[in-house]
Amino acid sequence: MPDKILEFLKKKKEYVSGEEISHHLKISRQALWKHIQEFRDAGYSIVAMPHLGYRFISSPDRLLPDELTHSLGTKLIGRKIYYFDHLSSTMDMAMHLGNKNAAEGTLVIAESQTKGRGRLGRSWISPKYKGIYLSLILKPEILPANASIITLMTAVSICDGIKQISGIEPQIKWPNDILIHNKKLGGILTELKAELDATGFVIVGIGLNVNNDSDELVEEAISLKVANSQENINRIELLQEILRKIEENYLILQKNQSPAILEKWRNYNVTLGRRIKIICHKEQLEGEAVDIDRDGGLLVRRDSGIVEKFMAGDVVHLR
Ligand code: BTN
């Protein structure tokens, strides 16, 4: 019932009398008033005026499942959403749910994380209500060795979503750093639960700095708000768009059209064509980043002319 009241108020976009709502939804005026109070306590702004009734003003700045699902329009991605005020890491919760056979498309969202983690054992700072921190369970029919394409597809989808919502075009640094003005806006962490020759499920973790102010960010990082002339970004609209893009691009992958995803990735990337240093398993080498191959591996041409392929590593752009 509470969802129906909200939906009704949102649709009206103007004052609607308590009598009309009670009549339409078949609840008492007292019960209606109680629900309105609960919505306000949860951060919804709803005005109540004598003789006029109630008017919906705005939703709270929370990634609430009901708010996300409303007008999302995806069939697979986010069909089940677990929402937490805080977690140690959404990756652990998603792994737990995946092991319990959670459906493909299940999403775990936290408003903050105490032990958010990034690639290569780094931590991911996750201040409350400022960013987007989520893990998504996917069950692609691919070999574990080819799972990198899922990370690339996600990076492309994040860029598509950001571009659509803010007009800002982010860039991708291989393999999965989302950059704006050469500073890190977000990252993707992919973890696998794999059998020997088949992928059981993939957990795609996404961390994005959205409404952080500049004094809340380290020197090498940026938020969308900072990039957007200090204007706050609606996190719900942004996340909805990213989820829609993931669904769209995941479908392209399922139709065996990974070249299309790789092409999109190339269009956003800032690594190819540059001289780079790549650090992998404590070894490092320099060369030119020439391309990515069909699995998303980075092809680096060393000064000797030999081309080597890397599936993981840390890249430094030299020039
Ligand atoms: C990276 O750039 O190294 C990847 C960062 C990934 C961070 C996200 S935040 C949500 C999810 N939960 C985590 O603990 N990590 C990922």
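Quick notes on this one:
- A residue that is of a type in the set (S, T, Y), under 30 Å from T151 (Cα atoms) and modelled with pLDDT under 95 occurs somewhere in the stretch 58-78.
- Residue within the stretch 154-161 that is within 24 Å of L298 (Cβ to Cβ), within 14 Å of the ligand (Cβ to nearest atom), part of a helix (DSSP H, G or I) and among the aliphatic types (A, V, I, L, M) present: yes
- Residues in the stretch 188-205 that are within 11 Å of the ligand (Cβ to nearest atom) and open to solvent by 10 Å² or more (accessible area, probe 1.4 Å): L189, T190, E191.
- Identity of the residue in the stretch 148-172, in contact with a strand residue (DSSP E or B) (Cβ under 6 Å, 6 or more places away or on another chain) and open to solvent by 10 Å² or more (accessible area, probe 1.4 Å), that ends up farthest from M311 (Cα to Cα): Q171
- On the stretch given as the stretch 3-17, residues that are surrounded by fewer than 16 Cβ atoms within 10 Å (Cβ to Cβ), in contact with a helix residue (DSSP H, G or I) (Cβ under 8 Å, 6 or more places away or on another chain) and either of a type in the set (S, T, Y) or free of Cβ contacts under 8 Å to residues at least 40 places away in the same chain (or both) total 1.
- Of the strands (runs of 3 or more DSSP E) that lie entirely inside the stretch 31-135, those containing 2 or more residues that are open to solvent by 40 Å² or more (accessible area, probe 1.4 Å) and closer than 24 Å to N232 by Cα span 45-49, 53-58, 81-84.
- Of the criteria (1) part of a strand (DSSP E or B); (2) out of contact with any Phe, Trp or Tyr (no Cβ under 8 Å at 6 or more places or on another chain), which one S229 fails: (1)
- Subset tally (residues that are within 15 Å of the chain's Cα centre (by Cα) and near the ligand (Cβ under 10 Å from one of its atoms)) for the stretch 162-184: 4
Conditions (1) surrounded by 19 or more Cβ atoms within 10 Å (Cβ to Cβ); (2) among the aliphatic types (A, V, I, L, M); (3) at pLDDT below 95; (4) within 16 Å of the ligand (Cβ to nearest atom), marked per residue:
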site	(1), (2), (3), (4)
D213	no, no, no, no
S223	yes, no, no, yes
R244	yes, no, no, no
N256	no, no, yes, no
L262	yes, yes, no, no
L272	no, yes, no, no
E283	no, no, yes, no
G287	yes, no, no, no
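The values are calculated or read from the model by the stated rules, or taken from the named source; none is laboratory data. All of these numbers come straight from a predicted model, not from anything done at the bench. Every residue, glycine as well, gets a Cβ built from its backbone with ideal geometry; the counts of neighbours run over all protein chains shown. Areas reflect the complete protein model, heavy atoms only, side chains present, ligands, DNA and RNA absent. Shrake-Rupley method; radii C 1.70, N 1.55, O 1.52, S 1.80 Å.
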